[in-house]
Amino acid sequence: MAAVQDMMRNPTDAGAASFLEAVSFDADGLVPAIAQQHDTGEILMVAWMNRDAIAETIATRRVCYWSRSRRRLWRKGEISGQTQRLVDLRVDCDGDTILVLVDQTGVACHTGRRNCFFRALRSDGLEAIAEPQILPSILYGGEEPAND
């Protein structure tokens, strides 16, 4: 396990290239990325990554996604300060989904909740099972948060 963590801390260019080659990007050059808190297993969010987002994430250890709505790289926490530090990066068996193990600072959801999965099916419909920990207006200072 220590050897894997050492490689993740200092991936070589060849290691990063090997990872990128294993990813099956869709027709738009994107792959879904599941962000999971590394120490608790909590699923925080799902977003999209392109080749540049993955490469930047590996190089900087700060998670970067592709914003489909803004059509640009989105460095998690660039406005809100709620960042994700990369702990480990994995690709599934057929290369079409990435698992990003992170150390989340603050909340992960643009609604101010810890994770994006705060609505659950109940007998009478959807129920919010978690309240915001911080108001989005405080997180984003009046800017419209990205929700993709």
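The values are calculated or read from the model by the stated rules, or taken from the named source; none is laboratory data. Note that this is a predicted model, so its numbers are computed, not measured. For the accessible areas, the whole protein counts, side chains as well, though only heavy atoms, and no ligand, DNA or RNA atoms are used. Shrake-Rupley method; radii C 1.70, N 1.55, O 1.52, S 1.80 Å.
Probing with 1.4 Å while keeping every protein chain in the model, the per residue accessible area of the chain equals 56 Å². Once you order the gyration tensor axes a ≥ b ≥ c over the Cα atoms, which shape class does segment 72-122 get: rounded for a/c under 1.5, otherwise prolate or oblate by comparing a/b with b/c? Note, shape of segment 72-122 comes out oblate. Working note: 222 nm ellipticity from helices only, DSSP H runs with n ≥ 4, each -39,500 (n - 2.57), summed and divided by the residues of the chain, gives -6000 deg cm²/dmol to the nearest 500. Between the Cα long axis of helix 51-60 and the first principal axis of the chain there is an angle of about 90°, rounded to the nearest 10.
Expressed as a whole percent, the accessible surface of the chain that belongs to carbon and sulfur atoms is 52, based on a 1.4 Å probe.
Determine the percent antiparallel among the DSSP beta bridges restricted to segment 15-148, to the nearest 5. So the antiparallel bridges in segment 15-148 amount to around 80 percent.
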